[in-house]
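Read through the structure below, which is laid out as structure tokens, and then see the notes.
The values are calculated or read from the model by the stated rules, or taken from the named source; none is laboratory data. Treat the numbers as computed from the prediction; the structure is a model and nothing was measured. Here the Cβ positions follow ideal geometry from the backbone for every residue, glycine too, while neighbour counts run over all protein chains shown. For the accessible areas, the whole protein counts, side chains as well, though only heavy atoms, and no ligand, DNA or RNA atoms are used. Shrake-Rupley method; radii C 1.70, N 1.55, O 1.52, S 1.80 Å.
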Amino acid sequence: MLTIFDCDGVLIDSEILASGVYAEMMRELGLSLSHEEAINRFTGLTHAQLEILIHRELGRPLPSDFRQRATLEIDRRLESVKPIAGVHALLDRLQGPRCVCSNSSTARLKISMGATGLWERFQPHIFSAPELGRSKPAPDVFLHAARVFGVQPRDALVIEDSSHGIEGAVAAGMRVIGFTGGGHSWPGHARALLEAGAVKVVSRLEDVGTAIEALAA
């Protein structure tokens with residue numbers, strides 16, 4: 001069985017960093033949005049998807065340097081990002097092929113995964129959805145991973161922390177374990193993942209390993 005991991009919020013504790021940057025920048029623009037609200041609404045989205053939502057909230061075009069400033073600040077913070085607790089032990093435990101399917105760019109993944117010692121553990125099977133076609137919730141990146149490994153979608157299991165990612169994996173015909181162990185998790189997170197189509201939700205990577213083994217049996 002192929003195991004597919006999202007990166008941000010599953011392998012590394014980065015979603016809380018990115019949402020914090022966006023919340024701060026939105027307050028600069030006059031939009032009152034708490035860190036928690038930003039987490040709830042923006043987790044798993046690409047820059048382009050986020051900009052559409054923020055544009056709607058703001059009611060006017062974003063500053064021309066908005067994306068550049070956000071990118072630079074997030075990348076700076078990612079240089080000191082931490083892995084999700086237990087990730088290396090989980091990878092040591094897992095059998096079979098594995099890969100990463102993310103809405104982040106390859107350049108950003110190299111920064112964050114490199115900072116946590118994970119880049120080498122997955123390379124060259126680290127796939128950026130926007131660089132391959134449509135971003136999640138489209139199923140493109142998941143179907144690409146299945147083709148690369150020569151497996152049917154039903155023989156792949158995805159680990160995701162966002163509803164957008166789960167919707168994409170389900171659309172690809174894959175089973176999904178929802179994960180709520182990142183620092184960005186909020187009340188109602190598990191329920192949202194189940195409603196999006198997760199077959200199970202866990203809050204520790206140790207439990208992810210147990211769930212993978214049970215579903216693979």
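Things worth noting here:
- With all protein chains in place and a 1.4 Å probe, the accessible surface of the stretch 15-79 carries 49 percent carbon and sulfur.
- Debye intensity ratio I(q)/I(0), log10, the chain, q values 0.11, 0.17 Å⁻¹ (C-alpha model): -0.49, -1.19
- Filtered chymotrypsin sites (Phe, Trp or Tyr not before Pro), the stretch 99-168: DSSP coil and at most 15 other beta carbons within 10 Å: none
- Computed with the Debye formula from one identical point scatterer per Cα of the stretch 15-79, without solvent, the log10 of I(q)/I(0) at q = 0.18 Å⁻¹ comes to -0.58.
- Electrostatic bookkeeping for PHE5 treats Lys and Arg as +1 and Asp and Glu as -1; over the other residues with beta carbon under 12 Å from its beta carbon, the sum is -2.
- Segment TRP119-LEU72, extension gain: residue separation times 0.36 nm, minus the distance between their alpha carbons: 14.9 nm
- The length gained on full extension between ALA214 and ARG93, counted as 0.36 nm times the residue separation minus their Cα-Cα distance, comes to 42.2 nm.
- Listed peptides 8-15, 51-58 by packing density, highest first (mean Cβ within 10 Å): 8-15, 51-58
- Rounded to 0.05, the FRET efficiency of the LEU132 and ARG60 pair, given R0 = 25 Å and the Cβ-Cβ distance, is 0.15.
- Volume per residue for the stretch 139-217 equals 85 cubic angstrom (convex hull of Cα atoms).
- The slack between SER80 and GLU206, meaning 0.36 nm per residue of separation minus the straight C-alpha distance, is 43.0 nm.
- Per residue, the accessible area of the stretch 15-79 comes to 54 Å² when a 1.4 Å probe rolls over the protein heavy atoms.
- For the chain, the relative contact order works out to 26 percent when only alpha carbon pairs closer than 8 Å and six or more residues apart are counted.
- Beta bridges by DSSP in the chain, antiparallel share as percent, to the nearest 5: 5 percent
- Accessible carbon and sulfur surface of the stretch 160-217 relative to its total accessible area, %, 1.4 Å: 51 percent
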